[in-house]
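For reference, the structure discussed in these notes is given below.
The values are calculated or read from the model by the stated rules, or taken from the named source; none is laboratory data. Worth saying up front: this structure is predicted, and the values here are computed from it rather than measured. Using ideal geometry, Cβ is built from the backbone for each residue, glycine included, and neighbour counts are taken over all protein chains shown.
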Amino acid sequence: GQNIDQPTEMTATEGAIVQINCTYQTSGFNGLFWYQQHAGEAPTFLSYNVLDGLEEKGRFSSFLSRSKGYSYLLLKELQMKDSASYLCAVRGIYNQGGKLIFGQGTELSVKP
Amino acid sequence: GAVVSQHPSWVICKSGTSVKIECRSLDFQATTMFWYRQFPKQSLMLMATSNEGSKATYEQGVEKDKFLINHASLTLSTLTVTSAHPEDSSFYICSARGPSTGELFFGEGSRLTVL
């Protein structure tokens, strides 16, 4: 089976840094993804980790530790438009269809 | 990035009718597409994996006779909600695996309201 956990909601201040954690337990692992979703819209891709370590992309960074089943998404210089739901998703191995299973999402509120 | 288009964006129908939702990959071929459903303030729940030229693979608890999936070409998958009921009202989102890293690209989503 698969289990993906992330906090339900977080609040942060504009200009600050926030870290959203994700822990997972899966029967097969072939990558971890982070998506951003604004209310009423489809998710948009933020980052992808398949090896341990930190991937940096502008204001967004994502970290993965496969041995610990742990990832985090780091958002720097927060802007009001960053208020959204952030979804952690784990991809299964290809003989399982390579499907993405999503966590419940973390609702981030950025305040002035 | 790769583009996935979904149609219609909004649909309202009467209880008992069937609704078809289309998902197209516009600039790449997608042998596999995924259909998700999302209820308000909840995450995306995978319904089924759509495979071009073969039967879809449904997740546990998803009725295959109610949610008909057809993946007739490398760029088109359709989801038909048959005999829709109010509890089927939801946000349905399709996605296709991109050609490079395998990241999923999502369609715009279809909001279904069954009266």
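Would you mention how many residues in segment A:16-37 are of a type in the set (A, V, I, L, M, F, W, C), under 14 Å from A:Leu100 (Cβ atoms) and outside any loop (DSSP other than H, G, I, E, B)? Before the answer, list the steps.
Within segment A:16-37, the subset of a type in the set (A, V, I, L, M, F, W, C) is A:16-18, A:20, A:22, A:29, A:32-34.
Among the residues that remain, those that are also under 14 Å from A:Leu100 (Cβ atoms) are: A:22, A:29, A:32-34.
Among the residues that remain, those that are also outside any loop (DSSP other than H, G, I, E, B) are: A:22, A:32-34.
Adding up the residues that qualify gives 4.
In the list B:Gly61, B:Gly16, which residue meets the criterion of being surrounded by fewer than 19 Cβ atoms within 10 Å (Cβ to Cβ), assigned to a loop (DSSP other than H, G, I, E, B), in contact with a Ser or Thr (Cβ under 6 Å, 6 or more places away or on another chain) and away from chain A (no Cβ under 13 Å)?
Among B:Gly61, B:Gly16, only B:Gly16 is surrounded by fewer than 19 Cβ atoms within 10 Å (Cβ to Cβ), assigned to a loop (DSSP other than H, G, I, E, B), in contact with a Ser or Thr (Cβ under 6 Å, 6 or more places away or on another chain) and away from chain A (no Cβ under 13 Å).
Are any residues in segment A:56-79 assigned to a strand (DSSP E or B), of a type in the set (Gly, Ala, Ser) and away from chain B (no Cβ under 14 Å), and if so, which ones?
If the condition is that a residue be assigned to a strand (DSSP E or B), of a type in the set (Gly, Ala, Ser) and away from chain B (no Cβ under 14 Å), then A:Ser61, A:Ser65, A:Ser71 are the ones that fit.
I want to confirm something. Restricting to segment A:80-112 and keeping residues that are under 14 Å from A:Gln19 (Cα atoms) and in a loop (DSSP other than H, G, I, E, B), which single residue is nearest to the other protein chains (Cβ to nearest Cβ)?
Per the criteria, the residue is A:Gly105.
Is there any pair linking a residue in segment B:103-115 that is surrounded by fewer than 21 Cβ atoms within 10 Å (Cβ to Cβ) to one that is basic (Lys, Arg), with Cβ under 7 Å and at least six apart or on different chains, and which?
B:Leu115/B:Lys14
When you look at A:Asn49, is it within 12 Å of the chain's Cα centre (by Cα) and touching a residue at least 12 places away in the same chain (Cβ under 8 Å), yes or no?
Yes: the conditions hold for A:Asn49.
Which one of these does B:Val81 not meet: (1) crowded, with 17+ Cβ neighbours inside 10 Å; (2) under 20 Å from A:Tyr35 (Cβ atoms); (3) at pLDDT 90 or above?
Every listed condition holds for B:Val81 apart from (2).
Yes or no: B:Ser95 under 12 Å from B:Thr32 (Cβ atoms) and either hydroxyl-bearing (Ser, Thr, Tyr) or more than 9 Å from every other protein chain (Cβ to nearest Cβ) (or both)? Give the steps one after another, and end with the answer.
Details: under 12 Å from B:Thr32 (Cβ atoms): yes; either hydroxyl-bearing (Ser, Thr, Tyr) or more than 9 Å from every other protein chain (Cβ to nearest Cβ) (or both): yes.
Criteria met by B:Ser95.
For segment A:2-55: of the residues being surrounded by fewer than 19 Cβ atoms within 10 Å (Cβ to Cβ) and on the phi > 0 side of the Ramachandran plot, which is nearest to the other protein chains (Cβ to nearest Cβ)?
A:Gly40
Does B:Glu52 count as acidic (Asp, Glu), out of contact with any helix residue (DSSP H, G or I) (no Cβ under 8 Å at 6 or more places or on another chain) and farther than 26 Å from A:Leu87 by Cα?
Spelling it out, B:Glu52 is indeed acidic (Asp, Glu), out of contact with any helix residue (DSSP H, G or I) (no Cβ under 8 Å at 6 or more places or on another chain) and farther than 26 Å from A:Leu87 by Cα.
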